[in-house]
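One structure is given below, encoded as structure tokens.
The values are calculated or read from the model by the stated rules, or taken from the named source; none is laboratory data. Keep in mind the model is a prediction, meaning the values are calculated, not measured. Using ideal geometry, Cβ is built from the backbone for each residue, glycine included, and neighbour counts are taken over all protein chains shown.
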Amino acid sequence: MRLKSGGYSVKSKVIISGSVIEVYEYENSVYKGYKSNGGRDKVADDESKEKNRKDTLRRARQNLRRTVNANVWAYGERCLPKFLTLTFGDNVTDLDVAHYEFLKFIKRLNYLVFGTKVANLRYTAVPEFQKRGAVHYHVVLYNLPFVESKVIEEVWGNGFIKINKIDDVDNVGAYVCKYMVKELDDRLRGRKCYFNSRGLFKPIVIEDEKKVENIKNSLPGEKRTVFTVYENDYTGITIYKQYNLNKSN
């Protein structure tokens, strides 16, 4: 609903991330499109650091899941997604050093596959820390055509690689989230818990009341994978449903 102030209110929304569709229904209207008056900063100052860190990680996990699902099957049968783990032979614990080597690897692999320095390779990468402190990466490569694993390992040149088959994973976003840190490592303070290449597809957010209702009515009940109800001061009671159109009946 559009308001005279220029903002608008919604009581439901749909988020489409590839084959995964999320439906939110709110008890209270959610107002959007307003400029902040600084009140949120004051609230944030009063919150504990621990709660802020948990909220940051929760949002990052949610955004990661949606980004992966929006891209994972979007590049055709010739470029089926690959889930790649990159490890360092040396005990590399410095995230800056690891990130530098990772980006060089992406550039080399991009040139090998596409024959150009133009960044055509599409990916999402999640850094993880082993118990000994070493950095390794979990990477979803969205548009990489077939390349033998030994060739990829040579291009990496820093240690071992592992390629996991994900053709039969119906929610790759949730699968990748398992590899995100459970608690924020101090080395990730002020950094992103994951990062993407440019040019990725974004999840589609729909808040128009009629469109939301049409989508809700078209979703098959047997494809629903999540149903939950929660409550907070902002939205009141919220009903959340998630559907996976790739889910086997």
Original post:
Residues in segment 6-13: is at least one modelled with pLDDT under 80 and surrounded by 10 or more Cβ atoms within 10 Å (Cβ to Cβ)?
Top reply: yes
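Just to be sure, is Glu213 closer than 28 Å to Asn246 by Cβ, acidic (Asp, Glu) and buried (at least 17 other Cβ atoms within 10 Å of the Cβ)? Talk me through it step by step, then tell me what you get.
On the way: closer than 28 Å to Asn246 by Cβ: yes; acidic (Asp, Glu): yes; buried (at least 17 other Cβ atoms within 10 Å of the Cβ): no.
In short, no.
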**OP:** At least 1 residues that are within 24 Å of the chain's Cα centre (by Cα) and surrounded by fewer than 16 Cβ atoms within 10 Å (Cβ to Cβ) in each: list the helices (runs of 4 or more DSSP H) lying fully within segment 69-177 that qualify.
**Re:** 95-114
Subject >> Selected residue (criterion: farthest from Val30 (Cα to Cα)) from residues of segment 232-249 that are surrounded by 13 or more Cβ atoms within 10 Å (Cβ to Cβ) and among the β-branched types (Val, Ile, Thr) >> reply: Ile239
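Answer yes if at least one residue in segment 80-87 is closer than 17 Å to Leu200 by Cβ and either of a type in the set (Ser, Thr, Tyr) or modelled with pLDDT of 95 or more (or both), and no otherwise.
In the first step, residues of segment 80-87 are kept if they are closer than 17 Å to Leu200 by Cβ; the result is 80-84.
This time we only want the ones that are either of a type in the set (Ser, Thr, Tyr) or modelled with pLDDT of 95 or more (or both), so: 83-84.
The answer is yes, given that some residue of segment 80-87 is closer than 17 Å to Leu200 by Cβ and either of a type in the set (Ser, Thr, Tyr) or modelled with pLDDT of 95 or more (or both).
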